[in-house]
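Visitor: This is the structure, below, for whatever I ask next.
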Amino acid sequence: MRIYEDKLKQVAATAAESMRNNRVPGLAMALISRNRPAFTCTIGLADPNRARPVSEDTYFEAASLTKPFFARLVFELCDEGVIELTRPLIEYEPDIVPSTDARFLKATAADVLCHATGLQNWGRLPMELRFATGEGFGYSGMGYYYLQQIIEKLTETRLDALLQQRLMDKLGMDSAAMIWTGALRHRLARTADENGDMEPERSTARHSMGMEPNAAFSLYVTIKDYPKFIMGVLNEPDFARRVRSVKNSAGHGVEWGLGWGLYKEMLWHWGDNGGFKSLVCLDPDTKDALLIHTNGFNGLNVCFDIAQLVTGESFADIAAMIAVAE
């Protein structure tokens, strides 16, 4: 994947047109070329009711872009011997088990990161498995939350503190947060529904599910934050190999590695917290990447329009996989 810099002069116009067509009020994007910032842009309104524009200080819910961030933490804890990717998680903490199905007893951290646990995305506990652990793909936020609980027990530290100490501070992600903070009250974008109508203001990520911090969805970021994480992992020589060390078929030519989707040469992920939609794609070889945050229910359509323009790639297979994933 390459970011074609000759397309940058068209990006804002393409984004604005797609936003109008999809009734998405606001957007923030960052494009990276050869692991250097190439283009940053904010368009539209963070809060149409108050005519507040999107700026580089506007917060978005990163939604499931939290998952690759969490996976990077897991890699570090594996390096330190705190946890092993292939050891059954029940051996670490037998009292935290989201499914009583005997087939779940072999679930590992690797199974969680590549969505092979068989757990549903969310739901009441104990959960019935969709398939035998290790024998399929089933996108599961609950799997990530389960692994989070085990890591918090093992380290005796809550997830927000772990990520702050080990990633956010080191990467200079000065505004990022895993839990609701006072700074978010007036700087979090408002979201629009599929018709473009504004939704109620939020006071927690995924306002219908207030488990924060949450490894699956609760990262809040500005457009200045997440690119630092992207460039950080692109600088790690072993990062892509580790992500690709597991490949779980997710359908439509898409596979899932450890924390990231795999499609052709790309590592990618999408975010969906209702009205917050986001997309990140990167190529470990070219060290090109794109990141787009939106505050509209139809925002992924906008993300794909922009991504196709600047990379020349089709995202049809990825869109088809996402449509049946959650």
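Visitor: Would it be correct to say that A102 is without any contact (Cβ under 8 Å) to a residue 12 or more places away in the chain and of a type in the set (G, A, S)?
Guide: yes
Visitor: On to the next question. Output the qualifying pairs, or none if there are none: Cβ atoms under 8 angstrom, residues six or more apart or on different chains, first residue in the range 220-244 and touching a residue at least 40 places away in the same chain (Cβ under 8 Å), second residue charged (D, E, K, R) and surrounded by 20 or more Cβ atoms within 10 Å (Cβ to Cβ).
Guide: From residues that are touching a residue at least 40 places away in the same chain (Cβ under 8 Å), the pairs are Y220/E61; F229/R72; V233/R72.
Visitor: Condition first: more than 14 Å from G296 (Cβ to Cβ) and in contact (Cβ under 8 Å) with a residue 60 or more places away in the chain. Now tell me which residues in the range 1-16 satisfy that.
Guide: M1, R2, I3, Y4, K7, L8, Q10, V11, T14
Visitor: A further question on this structure: Looking only at the range 202-237, how many residues end up being closer than 18 Å to N35 by Cα and at pLDDT 95 or above?
Guide: 14
Visitor: Kindly state which strands (runs of 3 or more DSSP E) lie completely within the range 211-296 and contain at least 1 residues that are under 11 Å from the mean Cα position of the chain (by Cα) and aliphatic (A, V, I, L, M).
Guide: Answer list for the range 211-296: 276-283, 288-294.
Visitor: Testing L219 on (1) open to solvent by 10 Å² or more (accessible area, probe 1.4 Å); (2) within 22 Å of G259 (Cα to Cα), one condition comes back false. Which one is that?
Guide: In the conditions (1) open to solvent by 10 Å² or more (accessible area, probe 1.4 Å); (2) within 22 Å of G259 (Cα to Cα), L219 misses (1) alone.
Visitor: Shifting gears a bit: Using the structure shown, decide if N248 is in contact with a His (Cβ under 7 Å, 6 or more places away or on another chain) and surrounded by fewer than 24 Cβ atoms within 10 Å (Cβ to Cβ).
Guide: So N248 passes the test.
Visitor: Can you report the number of residues in the range 16-40 which are under 14 Å from A307 (Cβ atoms) and either open to solvent by 80 Å² or more (accessible area, probe 1.4 Å) or within 21 Å of the chain's Cα centre (by Cα) (or both)?
Guide: Number of matching residues: 6.
Visitor: Something else: Are any residues in the range 187-212 more than 17 Å from G44 (Cα to Cα) and either among the basic types (K, R) or open to solvent by 10 Å² or more (accessible area, probe 1.4 Å) (or both), and if so, which ones? Even if it seems obvious, please write down each step before you answer.
Guide: Here is the first cut: in the range 187-212, the residues more than 17 Å from G44 (Cα to Cα) are 200-212.
Passing the criteria: P200, E201, R202, S203, T204, R206, H207, S208, M209, G210, M211, E212.
Visitor: Failed condition for F297, given (1) more than 27 Å from M142 (Cα to Cα); (2) open to solvent by 10 Å² or more (accessible area, probe 1.4 Å), with all others met?
Guide: Among (1) more than 27 Å from M142 (Cα to Cα); (2) open to solvent by 10 Å² or more (accessible area, probe 1.4 Å), the lone unmet condition for F297 is (1).
Visitor: If you don't mind, there's one more thing I want to ask. Restricting attention to the range 52-75, which residues are under 19 Å from A183 (Cα atoms) and either open to solvent by 50 Å² or more (accessible area, probe 1.4 Å) or not hydroxyl-bearing (S, T, Y) (or both)?
Guide: R52, P53, V54, E56, D57, F60, E61, A62, A63
Visitor: Now a separate question. Please note which helices (runs of 4 or more DSSP H) are completely contained in the range 76-176 and include at least 1 residues that are open to solvent by 40 Å² or more (accessible area, probe 1.4 Å) and within 27 Å of T222 (Cα to Cα). Walk me through it before giving the result.
Guide: Numbers: elements: 109-113, 141-155, 159-163.
Those helices (runs of 4 or more DSSP H) span 141-155.
Visitor: Does any residue in the range 253-265 that is open to solvent by 10 Å² or more (accessible area, probe 1.4 Å) come within less than 9 Å, Cβ to Cβ, of a residue that is part of a loop (DSSP other than H, G, I, E, B) and of a type in the set (G, A, S) six or more places away or on a different chain, and which pairs are these?
Guide: The qualifying pairs are Y263/G253; K264/G253.
Visitor: I'd like to know if the range 185-196 contains one or more residues that are over 16 Å from the mean Cα position of the chain (by Cα) and at pLDDT below 95.
Guide: Yes, the range 185-196 has at least one match.
Results for (1) farther than 15 Å from C281 by Cα; (2) at pLDDT 95 or above; (3) part of a strand (DSSP E or B), shown as yes or no for each residue.
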| site | (1), (2), (3) |
| --- | --- |
| E17 | yes, yes, no |
| R20 | yes, yes, no |
| L45 | yes, yes, yes |
| N49 | yes, no, no |
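The values are calculated or read from the model by the stated rules, or taken from the named source; none is laboratory data. Owing to the predicted nature of the structure, the values given are computational and were not obtained by experimental measurement. Backbone-built Cβ (ideal geometry, glycine too); neighbour counts: all protein chains shown. Remember, those area values only see protein heavy atoms, side chains included, never the ligands or the DNA or RNA. Shrake-Rupley method; radii C 1.70, N 1.55, O 1.52, S 1.80 Å.
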